[in-house]
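Read the structure below first, then the notes.
None of the figures in this text is laboratory data; all of them are computed from the coordinates on show. The model shown is predicted, which means the values in this text are computed figures rather than measured ones. Here the Cβ positions follow ideal geometry from the backbone for every residue, glycine too, while neighbour counts run over all protein chains shown.
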C-alpha cells in the first residue's frame with residue numbers, strides 16, 4: 001500500500017491548493033490505489049511506500065521541523081513528490097539538498113504522470129521485496145563447500161541490511177531425516193520427465209525424492225524461508241544428489257542453492273522477492289569476450305523455469321539424479337550479489353541456445369551479453385556461480401541494490 005503525506009506552506013490558499021492537488025494525484029493514480037494522509041504524519045513509515053507530497057513552495061521549514069520525528073521511524077530514503085505548480089519543485093529541491101547535507105538520501109518524483117507512475121511502481125516493488133525478505137531464516141545445511149574459497153558472507157550485514165537470519169544446520173540432521181524417510185514409499189508425482197531415464201538413473205529417483213522430503217522436514221522444523229546445502233557430501237553418504245530436491249524446492253518458491261553457496265542463495269532470494277522467480281544457479285563453462293557469448297551450466301534448474309526436462313546422472317560423480325532442462329530462449333538477466341552485500345553484478349542479455357554435451361553439468365545454456373559484461377567474468381567476478389533470471393529486470397535489481405544493500409544502515 002502507498003501512503004501519501006503532504007506539506008504545504010500556510011501562505012497558499014488551501015482550497016486552491018487542494019483543487020490542484022486532486023487533479024495532480026488523479027492523473028498519477030487514475031484508479032486510486034493510495035491512502036491520502038494529508039498533513040498527519042503519525043503513522044509515517046508504516047506503509048510499504050511512504051511518499052511526501054510537497055504541494056507548495058515555502059514548505060522547507062515545515063519539513064525541517066518534521067525530520068527528527070520522521071527519522072525515528074527508521075525510514076532512510078525520502079521520496080518527495082512534486083508537481084509543476086506553486087513552486088513545489090523548487091521547495092523539493094531545497095529539501096533534497098538539505099537531506100544530502102545531513103548524509104541522508106532521497107529523490108524527487110517529478111515529470112509526466114506516466115513517468116511518476118512508473119517510478120512509484122518500481123519503488124513499491126522494492127519496498128514489497130524488502131518486506132518479503134525481512135524476518136526470513138536461511139538454513140545453511142552442512143556449511144559451504146571447501147572450494148568456494150571466495151564466496152564468504154557476513155551474517156551481521158545480511159541481518160542488518162536484508163533482515164535475513166543465517167542459521168547453521170548440521171548435515172547430520174538431514175542424514176538422520178533421510179534415514180527416517182527410507183522407511184517410506186515415495187511417489188514421483190507430477191515431476192516426471194518427458195523421456196524415460198536410463199535404468200541407473202531411474203533406480204536413483206526414489207532416494208532423490210527422499211532427499212527432497214527430508215529437506216522439507218527441515219524447512220518446517222526450522223521455519224526456513226530459504227536454504228543451501230553442502231550437496232556433494234550426499235554423494236558419499238547416500239549415494240545420490242540434491243539436484244532433484246533443489247529443482248523442486250525452487251519451483252515451489254523456496255530459494256535453494258547448491259554447494260552451501262550463501263551469496264548465490266541471497267541473489268536467488270532477492271530475485272524471488274522482486275520477480276517471483278528464484279532463477280537458475282549456474283557457472284560459466286565457456287566465454288568468448290569478443291562476441292559476449294557465454295555457456296552456463298549446472299545440474300539442477302527449477303522445474304518451473306523449463307518447458308521440458310529429462311533426468312540424467314549428476315555430472316561430476318556420474319550417479320544420482322541430475323536435471324537436464326530446456327530453458328526457453330529469450331531475454332534474461334544475469335545477477336550476483338556478494339556475501340557482504342557491497343558488490344553486485346547485473347547484466348541483461350539473451351538466451352539464444354540450449355545444448356547438451358556429456359562433459360558438462362546437465363542443463364547447458366548459451367547467453368549473449370555485451371563484450372564488457374562477458375569480460376567481467378575474466379577480470380573481476382563475484383565467485384563462479386551466477387543467477388540467470390528470465391526477462392530483463394536489470395533496472396529493478398540495480399535499484400534494489402542501491403536502495404537496500406548500499407543505502408540501508
- [ ] Using the number of other C-beta atoms within 10 angstrom as an exposure proxy, rank 312, 187 with the fewest first.
- [x] 187, 312
Task: Mean Cα-pair separation over length for segment 2-132, i.e. relative contact order, pairs under 8 Å, 6 or more apart, % - done: 28
Task: Gain in span if fully extended, residue 290 to residue 115, counting 0.36 nm per residue against the direct Cα distance - done: 59.4 nm
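Quick check on the chain: what are the equivalent-ellipsoid semi-axes from the Cα gyration tensor, as sqrt(5λ), descending, whole Å?
Listed largest to smallest, the semi-axes of the chain are 47, 22, 19 Å.
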Open item on the list: Using only the alpha-carbon atoms, how far is helix 171-181 inclined from the longest principal axis of the chain? Give it as 0 to 90 degrees, nearest 10.
Closed with: 60
- [ ] Find how many whole Å separate the alpha carbon centroid of segment 227-295 from the alpha carbon centroid of segment 117-168.
- [x] 15
TODO: Using DSSP, restrict attention to beta bridges with both residues in the chain and report what percent are antiparallel, rounded to the nearest 5.
DONE: 55
- [ ] For segment 16-136, state the average projected area of the convex hull of the C-alpha atoms over all orientations, rounded to one decimal in nm².
- [x] 7.7
TODO: With springs connecting C-alpha atoms under 10 Å apart, model the chain as a Gaussian network and identify which of 343, 362, 100 has the largest mean-square fluctuation.
DONE: 100
Open item on the list: If I stretch the segment between residue 175 and residue 160 completely, what's the gain in nm (0.36 nm per residue apart, minus their alpha carbon distance), one decimal?
Closed with: 2.2 nm
- [ ] Given the peptides 395-403, 269-277, arrange them by the average over their residues of other C-beta atoms within 10 Å, most packed first.
- [x] 269-277, 395-403
Open item on the list: Could you work out [θ]222 nm for the chain from helices alone, using -39500 (n - 2.57) per DSSP H run of at least four and dividing by all its residues? Round to the nearest 500 deg cm²/dmol.
Closed with: -11000 deg cm²/dmol
Task: Relative contact order of the chain, defined on C-alpha pairs under 8 angstrom at six or more residues apart (%) - done: 13
Task: Paramagnetic reach from residue 355 in segment 286-320 [backbone N under 16 Å; point 7 Å along Cα→Cβ] - done: 286-298
Open item on the list: If I fit a long axis through the Cα atoms of helix 113-133 and take the longest principal axis of the Cα atoms of the chain, what angle between them do I get, 0 to 90°, rounded to 10?
Closed with: 50
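Peptides 54-63, 367-376: what's the order by average Cβ count within 10 Å, highest mean first?
The most tightly packed comes first, giving 54-63, 367-376.
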Open item on the list: If you average the C-alpha positions of segment 378-394 and of segment 188-203 separately, how far apart do those two centres end up, in angstrom?
Closed with: 31
- [ ] Set the Förster radius R0 to 45 Å, insert the Cβ-Cβ distance between residue 65 and residue 152 as r into 1/(1 + (r/R0)^6), and round the FRET efficiency to 0.05.
- [x] 0.50
Open item on the list: Could you sort the peptides 21-34, 249-262, 76-89 by per-residue average Cβ neighbour count (10 Å cutoff), highest mean leading?
Closed with: 249-262, 76-89, 21-34
